[in-house]
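Report on the structure given below.
Since every read-out is calculated from the coordinates, none of them should be taken as a lab result. Just so we're clear, the structure is a prediction, and the values are computed from it rather than from any experiment. Cβ placement follows ideal geometry from the backbone for every residue including glycine, while neighbour counts extend to all protein chains displayed.
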Amino acid sequence: MATSGVSYGTYAALTVTNLQSLANDATDPFGGWQSARISNLSDLANDREFIVDLSTAATAPANDSGAYVYIVPWLSTDGGTTWIPGGNFGTTTAPTGSEGTASISDPNSMGGPLFVPYKVPSQRLQLAFTVVNVLGWMPDAVSIAIRNCTGAALSTGCVVSHNPIKYTI
C-alpha cells in the first residue's frame, strides 16, 4: 500500500522594493507592481503557496477599498532561457519577469484577481493562496502582480513570499 504525503520546499521572500511605496491608484490604467518570475523548472513543484502581507499608511479606505492580487503564468520555450508570459496587464506594457512597477488595466488575462479588503486605516492586508487553486494548473514559472486601490499608499514592511509544494507517494 502506497502512502501519499506533502513535501514543502524552502520558504523564500521576494524582492518588494517597488511595492513598499505603491500609491493608491483609482484611475485605469492603474499603477501596480510586478514580482520577479519564479521558475518551477528546477524544483519541479506540483504547486506553490504564496503569502501576501501588505502594510498600509494611516489613511481611510476609499475607491475599491482593497488590493487586487494577480498571477502571471509563464512558459519557457527552451528550458529556462526564453520566457513567454501567459497573461497580460490589459495594457500595451507586457509583464517583464523582473521586480518593478506595472501598468495594469481591467479586464486583463492574468489569473485572478484575488481581492484583499481594506476596511480601517493602517490595516495590514494579508492573503494566502496556491497557484493551482487560482490557475488550475502549475506553469513553468509564475510572477505576481498587485494593484493598490485601497485609498492608502502601501508602506514599508510589505512581504510577498512563496514555498514550493510537492505531492509524494
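Can you spot a residue in the stretch 100-109 that is out of contact with any Ser or Thr (no Cβ under 9 Å at 6 or more places or on another chain) and among the aliphatic types (A, V, I, L, M)? Quick ask: steps written out before the conclusion?
First, pick out the residues of the stretch 100-109 that are out of contact with any Ser or Thr (no Cβ under 9 Å at 6 or more places or on another chain): 101, 106-107, 109.
Restricting the remaining residues to those that are among the aliphatic types (A, V, I, L, M) gives none.
Checked the stretch 100-109: no residue is out of contact with any Ser or Thr (no Cβ under 9 Å at 6 or more places or on another chain) and among the aliphatic types (A, V, I, L, M).
I'd like the full set of residues that are without any contact (Cβ under 8 Å) to a residue 24 or more places away in the chain and in a loop (DSSP other than H, G, I, E, B), limited to the stretch 59-89.
T77, D78, T81, T82, N88, listed by residue number.
Could you tell me whether T92 is touching a residue at least 60 places away in the same chain (Cβ under 8 Å) and either under 30 Å from I169 (Cα atoms) or among the β-branched types (V, I, T) (or both)?
Against the criterion (touching a residue at least 60 places away in the same chain (Cβ under 8 Å) and either under 30 Å from I169 (Cα atoms) or among the β-branched types (V, I, T) (or both)), T92 does not qualify.
Of these, D28, D43, which one is under 13 Å from R147 (Cα atoms), in contact (Cβ under 8 Å) with a residue 60 or more places away in the chain and outside any strand (DSSP E or B)?
After applying the criteria, what remains is D28.
Contact list please: Cβ distance under 6 Å, first residue in the stretch 131-143 and more than 23 Å from T81 (Cβ to Cβ), second residue in a loop (DSSP other than H, G, I, E, B), pairs at least six apart or on different chains.
Partner pairs satisfying both residue conditions: V132/M138.
What's the total number of residues in the stretch 23-52 that are surrounded by 15 or more Cβ atoms within 10 Å (Cβ to Cβ) and of a type in the set (A, V, I, L, M)?
Of the residues in that region, 5 qualify.
For the stretch 62-100, give me the residue count where each residue is exposed (fewer than 14 other Cβ atoms within 10 Å of the Cβ) and among the hydroxyl-bearing types (S, T, Y).
Looking only at that region, the number is 5.
If you scan the stretch 96-119, which residues turn out to be in a loop (DSSP other than H, G, I, E, B) and closer than 18 Å to A152 by Cα?
Correct list: Y118, K119.
Look at the stretch 46-58 and say how many of its residues are aliphatic (A, V, I, L, M) and either assigned to a strand (DSSP E or B) or closer than 18 Å to G100 by Cα (or both). Talk me through it step by step, then tell me what you get.
First pass over the stretch 46-58, keeping only residues aliphatic (A, V, I, L, M): 51-52, 54, 57-58.
Next, only the ones that are either assigned to a strand (DSSP E or B) or closer than 18 Å to G100 by Cα (or both) stay: 51-52, 54.
Residues flagged as aliphatic (A, V, I, L, M) and either assigned to a strand (DSSP E or B) or closer than 18 Å to G100 by Cα (or both) within the stretch 46-58 amount to 3.
Can you name the residue in the stretch 110-152 that is of a type in the set (G, A, S) and surrounded by fewer than 19 Cβ atoms within 10 Å (Cβ to Cβ) and is also nearest to V69 (Cα to Cα) among such residues?
Among residues in the stretch 110-152 that are of a type in the set (G, A, S) and surrounded by fewer than 19 Cβ atoms within 10 Å (Cβ to Cβ), the one nearest to V69 (Cα to Cα) is G112.
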